[in-house]
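Below: one structure, written as structure tokens.
The values are calculated or read from the model by the stated rules, or taken from the named source; none is laboratory data. Quantities reported herein were computed from a predicted structural model and do not represent experimental measurements. Here the Cβ positions follow ideal geometry from the backbone for every residue, glycine too, while neighbour counts run over all protein chains shown.
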């Protein structure tokens, strides 16, 4: 009976030690491919916090400007709420729209994202890592002529 208690105690202690193990974040990346998981949040937070370079977020499949994933919108909302600018770069060789209100559809979710997810950033320190960044949404056209988001770039803000 005594041996079984010792075995249980050893197994319990082993699980406790494993639970305390920290996962290495690894070096910051200059380019991250978006996947709607917590791992993406961790990688982006690590890269934004530990790199002074722009950080590109690319996509596996085309994303239209009006369908930016909510997980990525949260990051953009944090950057904007802390004084960063969110800009849109038109595809090369295209005229930019004269009326900036035409691009309003891109940002309809940002304000709601700020209100909805306020306080949910602590798990991946988005507030700290994205607060000194501007965001650029780089658009492109595919062979059918449809507009899509080529990448989203989080650029460090220049101190004034």
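Return yes when residue 78 is part of a helix (DSSP H, G or I) and at pLDDT 90 or above and no when it is not.
Yes: the conditions hold for residue 78.
Provide a single number: the residues in the stretch 23-34 that are at pLDDT below 95 and either outside any loop (DSSP other than H, G, I, E, B) or surrounded by 13 or more Cβ atoms within 10 Å (Cβ to Cβ) (or both).
Within the stretch 23-34, residues that are at pLDDT below 95 and either outside any loop (DSSP other than H, G, I, E, B) or surrounded by 13 or more Cβ atoms within 10 Å (Cβ to Cβ) (or both) number 3.
Please go through the stretch 48-75 and pick out each residue that is in a loop (DSSP other than H, G, I, E, B), without any contact (Cβ under 8 Å) to a residue 60 or more places away in the chain and in contact with a helix residue (DSSP H, G or I) (Cβ under 8 Å, 6 or more places away or on another chain).
none
So residue 111 fits all but one of (1) out of contact with any helix residue (DSSP H, G or I) (no Cβ under 8 Å at 6 or more places or on another chain); (2) at pLDDT below 90; (3) loosely packed, with under 15 Cβ neighbours inside 10 Å; what number is the exception?
Among (1) out of contact with any helix residue (DSSP H, G or I) (no Cβ under 8 Å at 6 or more places or on another chain); (2) at pLDDT below 90; (3) loosely packed, with under 15 Cβ neighbours inside 10 Å, the lone unmet condition for residue 111 is (1).
Does residue 154 qualify as being within 17 Å of residue 45 (Cβ to Cβ), modelled with pLDDT of 90 or more and surrounded by 15 or more Cβ atoms within 10 Å (Cβ to Cβ)?
yes
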